[in-house]
Structure formats: structure tokens, C-alpha cells
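Visitor: One structure, as C-alpha cells, below. Some questions next.
The values are calculated or read from the model by the stated rules, or taken from the named source; none is laboratory data. Note that the coordinates shown come from a computational prediction; the quantities given were computed from them, not determined experimentally. Cβ atoms come from the backbone with ideal geometry, glycine included; neighbour counts cover every protein chain shown.
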Amino acid sequence: MMEAVNSSLGEMLLEEVSPVVMVLCTPLVEETFLKNGLSFVETLKPFCNFSNIDVPVRTSGDQLYRLKKFTLRLFNASDIKQPNVEVAKQRLEHVITQAGEKVFHDLESDPPQITDILSNPESEIAPTWFQYYNKELIRTLSFSDHEAFDHPVACLLVASSKDEEPLNKFVDLFNTNRLPSLLNDGVMDPKILKHFLLVHDNQDATTERTSKVLSEMRSTFGNNECNLLCTNSSKEGNVEHQANPWASFKSSVPAEKLGCALTGDDIGEIKDLMQEFASRHIIPYMEQKVRDLNQQISATRKGLRNQIKNLWWRKGKDDIPDSTKGSIYTFSSTESQIRILGDYAFMLHDYELALSSYRLISTDYKLDKAWKHYAGVQEMMGLAYFISDQSIKEAEYCMENAFSTYMKLGKSGFQNATRCGLCFHESERSCHGTSDQLSPNTVDFILISRLAKSSNPSAEQDLPKILSHHSCHNRIRSSIPLSWSLDGPKTMYHDFSTSFCEIKLKMVIRNTSDGFLSVSINTIDGLPDAAAPTPSSGNLSGWRYVPAITEEMKLTSDVMGSRLGKPPPSMESSPPFIWSGSSSTKVQIQPLSTTEIPLQISVFSPGVYNLCSYTLTWELSEHENASSSTSSGICQGYPYYHTVLQSE
């Protein structure tokens, strides 16, 4: 099985859950880099992903480890804001449309052969729009007030050697009038690491004045907090880069124009600048911040005595209304400090400390009824379990908990729920990847449904659902002559105090061959642990259904407790179920035809049931009623989850 950190989700987390650097620069700095068809931030972005940085870091427990991979995210101060919901929606639609048009054009001009597609790595088979959608969705949810990993860790202040009185420019740049509103409003901490950079344009500036300004900067702001970047060494400005590092970041400018004034030495200087900024400034600053926060929180919140005191203090908050929007915590609150500690630890790959911080703050958010904050922490707990290769069951529990809570928030939580669902999907593919490797001819996809709109206000609407399928059973080049699906109600309520619950199901079997197919359905009554997915099982491919939370289900301290029982690690297995009626059914199916078989199960208590305990034994013949078959085989039932809840 692939290590989680090397999976597509792991790589996305290293890239997107990473320190943010806020950039403030003067107009003359932007003017210098526009000669290359780029802004200052765009110029630096390709050199902010470090695949082999090798920086020593100590955990809060004083254990030494080394960071091998690290990423910085650079944003102009003007871009550090929460995107408008409608604008974000339009951006997502534009991404899908644009990617689809490109794929259609490529297919029309040069359609690929199916054998060539199947020989490609999994990452190349995935649809282009899906990769772009994932990244764009995360960006549309950036700078939320309920998460801290988008809060700037450092500020890079940049002035040009051509600026008049550059030192005054640096002071003016960090004026509160130029800072994002999230910093001025108290959501984000404005007291962050500051680094001062002087840009020297080799085309039209003198080095004598630059050296003098740099010396004054270092005596004013500190020798270690100042740097010089010389750029635009090509006088003619006609440099062409064979492997243009900016092509994927800037599509509106011809590739040959991007970086046209930057020589190889200029690019090398940018790389060295960013490497030094990350390894000698950002990482040590974050490491010290983690140690300070952990020491502060340990003294006030960790330990049994402090936790009991905190719970006692929050006991009187039972009557406060649910918080569904708006931040109720400033950056200086204890709750925000714990969240910052967790996110900093996560970004420094100290996942144990991140998990302990998220667990600590999760209780506070539940008691405060700050459901969006609570969902965000549950989501991060699931991701921390996943990327640290810990319990799959606990990772799934946390992600489902986060998804359900986001959905309970209504429209304000839908996009977060979608992000959470996509991360659920990706972690499932990674965790169960071994089953996919058994056959390369599989299809991978995910479906997220929206609330159905009805013209009749009184009509009952479908509940939102997320469905994930990480190994399609309808194989592209399968030798199995049949496909099948199990259908029925996904979630239902029953009063178990009066009787057991009978659930009617339907199995649809299709003969996908030109021969005559005989199929025997053999059902096996569910064992006590049949509803609990087992990671080591080889038969984990199939639909994974996350039941939706209905309006009448009240959010409590254990949002999913009504269907999952006790939370991990002591999550209990669901009780057994039995298949009603005959334990074996045999049908004859004509070539390229479909048949339906009614089935029924009986359950005796609430739970989540995995109805995979059946087999299909098939025989294929060239003629009807033939005495011998041309081929035969047995198919194991795939996971199908059904939720039964106790009715009130």
C-alpha cells in the first residue's frame, strides 16, 4: 500500500495546508517584474515548493525529526480575504468548463486508444477538470474565520532600490490601512514574522545606492531580517526558457514572454532566496511558536484538573443559541490559540501534537455550539489520522462527522462539505489502494448530489448525499459476463421497541455477454461485526454511503452517535442481521438482458449495516439449456451500507 504522504491526497495536503506568506510591495517592485510578464508573487511562486529541504525540527516533546518536504503559499495582502460565494461558484464553473473544452478539443483532434489510456499512471487517467476543481474548491474556501492554516505566518515586505526613502516605504507598507480586514478585525494575529527584501533591477539601477540602502535596512530592522534580490540581468530582455517554470501559473501571457529578462543566475538567486527564507526563518519561527503555545496551553488547559475546570466553566452555556455563521472567537482567545497550535503542528508534520490539539478544542466547540468550528476540527482530525497512517476507521469517523455537521449548517456549509467529501473519497482510495492494484482495468469516480429544488414548497426534497466508488465493478475489460447492483432505501427510521425491522431490497443483474447466463444468489446472514468495514479485507471496493443528517436530528456532543455507536477507538460493531426468505435463488438470463430479484433483510437494532454477505455463482453457455457451460465463476458481494435509526 502506498504511504499516505505520497498519495494524491497527501501531496495535496502538503501543498495546500502549508504556511501562508503575506506579501506587501511597492509599485516600483511590481513595475520591475512586469518586464517579465509577471507580478512579484507570480515570479516567486514556482520556487516555493521544496521537495528535499532537509531541515531539523524538534517536537514539543523535544524529539528531533527532519522536514524533507515543505511548501510556502504566497499571497498579496489584497488577496487575503474570503471570496464572495457567488464569485467562487462562477470560478468553479469556469474551471470545469475550461478544462472540459480543452479535453474535448484534444479528443476531437487526436482521440487516444483505450490501451494507451489504461497503460498510463492513475494520476494521468483522472479527469483533468477533477484535479483543477479540487484545487480551485480549496482556494474558494481560503481565509475562513473558523480555520487557522490560512492565517499568515509571515509578512514579506518588498521595496525597490529605486524607491525614494526605501526605509520609510517599509514602514508605510505595514500600515493598518493596507492590511487585510481579517487582521484588523481580530480574526487573524497581526503580530507575525516580518522579513524585509530590497529588489535591485540590474537594467536601470546603480549598485552603489543599493548597497547603501541595504546597509541602512540591516541596521534598522536587523541583519538577519533583511535580504537583497538582484533581477532582470538580461539587458535585451529576450531570454527563452526551455522548461518555463511559470507556464502553469500564468496562461494569459505567451510562454516565451514569461521571465524574458531573467537569466539562469537570476532564477538561481530566487531559488536560494526562497530556500533560505523557508529553512532559516519560517520553519524556526513556527517551531518556536509551537513550543511557546504548547507550554502556555499545557499550563492552562491540558491535564485532568484543567479540563474538568474548563468543562465546569462551560456548563452554564447549555442555553446559548447555535452559532452557524460569523466568528465568535478572536485570535487571542484560548480556543483560537489551541486551533493555531494544531494547524502549526500539522504544517510542521507533527501530527501527534496536531491531533491532541484538535481533540482538546473539539470539546470546547461542541459545548459552545460553534458547529462550523467543530466541523473544521473534525475534518483536520480525519486528515491527521490519514496522513500519519493511523486508524482508517477513526479517520473515516471524523470525516463523516465533519461532513454531516457541515451539511447541518445549510447553505453556508455546503462548499465545506464538498471539500470534506472529496478528501473522504481520496483517503478511501489511498487506504484501499491494494484492492485496485489487483486489476488495472478499473474506473474511479465520485458523485456528490445537491438538494433537489421543487416548484412545490410543501413537497419533500431529497436529502444531500455523497457517494464514493473507488473500484467500479463494471470493469472496462472484465472477463465476468455480468454486472449487478443492490438497491433499496439508504436510511430509514424504525421503532425497535415494538418489533424488528424488515427492509425490502432489489438486486438487478445484467447479462453483458452474448451467451445464456445462469446465476445463483447465495445469501449469508450477517455476523455481529458485518457492519464494520475491515481495512485488511480484500473486498473493500464499492459504494461508500454517508447518510445525510435530517433536519429533525439534533446536533449533540456526538453528532454521529445515533448511527455509529461509540466513537473510536472503542467503536462498537453493529448487531447482526438476517436475510429473509430463501437463502439461495437461481435465475436464467437471456443474452444482453436484465432481471430483477426481490430480497429482504431483518434487523433487530439501530446501526449501519454492510449488506455484502452474499455471493453470485454464475455459469455461461452458448445455448439455452445446454448440458455444459463454457465458463463459470463466483462473485463476492460488494459493500452496500444501509442505516437504520431509532424513531422517536
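Visitor: Filter region 173-200 down to residues that are loosely packed, with under 15 Cβ neighbours inside 10 Å and part of a helix (DSSP H, G or I), then give me how many there are.
Guide: 5
Visitor: Still on this structure, I have one more. So in region 197-253, with the set limited to residues that are among the polar types (S, T, N, Q) and touching an Asp or Glu at 6+ places or on another chain (Cβ under 7 Å), which one is nearest to residue 277 (Cα to Cα)? Write out each step before concluding.
Guide: Taking region 197-253 first, the residues among the polar types (S, T, N, Q) are 202-203, 206-207, 210-211, 215, 219-220, 223-224, 227, 231-234, 238, 242, 244, 248, 251-252.
Those still in the list that are touching an Asp or Glu at 6+ places or on another chain (Cβ under 7 Å) too: 231-233.
Details: 231: 17, 232: 21, 233: 22 Å.
Across region 197-253, the extreme among qualifying residues is 231.
Visitor: Here's another thing I want to ask about it. For region 100-115, indicate whether the set of residues that are at pLDDT 90 or above and of a type in the set (Ser, Thr, Tyr) is non-empty.
Guide: Looking only at region 100-115, we keep the residues that are at pLDDT 90 or above, and these are none.
So far as region 100-115 goes, no, none of its residues is at pLDDT 90 or above and of a type in the set (Ser, Thr, Tyr).
Visitor: Find the strands (runs of 3 or more DSSP E) located wholly in region 578-648 whose residues include 3 or more that are hydroxyl-bearing (Ser, Thr, Tyr), in the same structural domain as residue 484 (by TED's automatic domain parsing) and out of contact with any helix residue (DSSP H, G or I) (no Cβ under 8 Å at 6 or more places or on another chain), and list them.
Guide: Working: elements: 584-589, 594-603, 607-610, 614-621, 631-636, 641-646.
In region 578-648, 594-603, 614-621 are the strands (runs of 3 or more DSSP E) which contain 3 or more residues that are hydroxyl-bearing (Ser, Thr, Tyr), in the same structural domain as residue 484 (by TED's automatic domain parsing) and out of contact with any helix residue (DSSP H, G or I) (no Cβ under 8 Å at 6 or more places or on another chain).
Residues are listed down the side, and each one gets a yes or a no for (1) surrounded by fewer than 20 Cβ atoms within 10 Å (Cβ to Cβ); (2) out of contact with any helix residue (DSSP H, G or I) (no Cβ under 6 Å at 6 or more places or on another chain):
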{"site": "231", "(1), (2)": "no, no"}
{"site": "241", "(1), (2)": "yes, yes"}
{"site": "245", "(1), (2)": "yes, no"}
{"site": "249", "(1), (2)": "yes, no"}
{"site": "252", "(1), (2)": "yes, yes"}
{"site": "256", "(1), (2)": "yes, yes"}
{"site": "263", "(1), (2)": "yes, yes"}
{"site": "267", "(1), (2)": "yes, yes"}
{"site": "282", "(1), (2)": "no, yes"}
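Visitor: Answer yes if at least one residue in region 69-90 is basic (Lys, Arg), modelled with pLDDT under 90, surrounded by fewer than 16 Cβ atoms within 10 Å (Cβ to Cβ) and within 23 Å of the chain's Cα centre (by Cα), and no otherwise.
Guide: As a first pass, look at region 69-90 and keep what is basic (Lys, Arg): 69, 73, 81, 89.
Going one step further and asking which of them are modelled with pLDDT under 90, we end up with 81, 89.
Then keep just the ones that are surrounded by fewer than 16 Cβ atoms within 10 Å (Cβ to Cβ); that gives 81, 89.
Now narrow it down to the ones that are within 23 Å of the chain's Cα centre (by Cα): 81, 89.
Yes; the residues of region 69-90 include at least one that is basic (Lys, Arg), modelled with pLDDT under 90, surrounded by fewer than 16 Cβ atoms within 10 Å (Cβ to Cβ) and within 23 Å of the chain's Cα centre (by Cα).
Visitor: A further question on this structure: Does any residue of region 215-232 turn out to be farther than 29 Å from residue 283 by Cβ, assigned by TED's automatic domain parsing to the domain that holds residue 285 and in a helix (DSSP H, G or I)? Give the steps one after another, and end with the answer.
Guide: Going through region 215-232, the residues farther than 29 Å from residue 283 by Cβ turn out to be 232.
Now narrow it down to the ones that are assigned by TED's automatic domain parsing to the domain that holds residue 285: 232.
From the residues that got through so far, the ones that are in a helix (DSSP H, G or I) too are none.
Within region 215-232, none of the residues are farther than 29 Å from residue 283 by Cβ, assigned by TED's automatic domain parsing to the domain that holds residue 285 and in a helix (DSSP H, G or I).
Visitor: Based on this model, can you work out whether residue 305 counts as at pLDDT below 95, in a helix (DSSP H, G or I) and closer than 19 Å to residue 154 by Cβ? Full working, then the answer.
Guide: Numbers: at pLDDT below 95: yes; in a helix (DSSP H, G or I): yes; closer than 19 Å to residue 154 by Cβ: no.
Judged against the criteria, residue 305 is not a match.
Visitor: For region 119-139, state whether one or more residues are closer than 24 Å to residue 19 by Cβ, at pLDDT 60 or above, surrounded by 12 or more Cβ atoms within 10 Å (Cβ to Cβ) and polar (S, T, N, Q).
Guide: Taking every residue of region 119-139 in turn, at least one turns out to be closer than 24 Å to residue 19 by Cβ, at pLDDT 60 or above, surrounded by 12 or more Cβ atoms within 10 Å (Cβ to Cβ) and polar (S, T, N, Q).
Visitor: Can you report the number of residues in region 253-272 which are under 21 Å from residue 73 (Cα atoms) and of a type outside the set (Asp, Glu)?
Guide: Here the count works out to 6.
Visitor: Here are the criteria: (1) at pLDDT below 85; (2) surrounded by 20 or more Cβ atoms within 10 Å (Cβ to Cβ). Tell me which single one residue 322 does not satisfy.
Guide: Here residue 322 clears every test but (2).
Visitor: Sticking with this one: Quick one: in region 209-229, which of the residues that are of a type in the set (D, E, K, R) and closer than 19 Å to residue 195 by Cα is surrounded by the fewest Cβ atoms within 10 Å (Cβ to Cβ)? Before the answer, list the steps.
Guide: Keep residues of region 209-229 that are of a type in the set (D, E, K, R), which gives 209, 212, 216, 218, 225.
Narrowing further to those that are closer than 19 Å to residue 195 by Cα: 212, 216, 218, 225.
Details: 212: 11, 216: 14, 218: 17, 225: 16.
Only one residue fits best here, namely 212.
Visitor: Would you tally the residues in region 130-172 being farther than 17 Å from residue 226 by Cα and in a helix (DSSP H, G or I)?
Guide: 11
Visitor: Select from region 591-612 the residues that are more than 26 Å from residue 519 (Cα to Cα) and among the small types (Gly, Ala, Ser) and list them in ascending order. First the steps, then the outcome.
Guide: Filtering region 591-612 down to residues more than 26 Å from residue 519 (Cα to Cα) leaves 603-608.
Hits for region 591-612 are 605, 607.
Visitor: Tell me whether region 359-377 contains one or more residues that are modelled with pLDDT of 90 or more, closer than 20 Å to residue 283 by Cα, surrounded by 24 or more Cβ atoms within 10 Å (Cβ to Cβ) and not assigned by TED's automatic domain parsing to the domain that holds residue 150.
Guide: The answer is no, given that none of the residues of region 359-377 is modelled with pLDDT of 90 or more, closer than 20 Å to residue 283 by Cα, surrounded by 24 or more Cβ atoms within 10 Å (Cβ to Cβ) and not assigned by TED's automatic domain parsing to the domain that holds residue 150.
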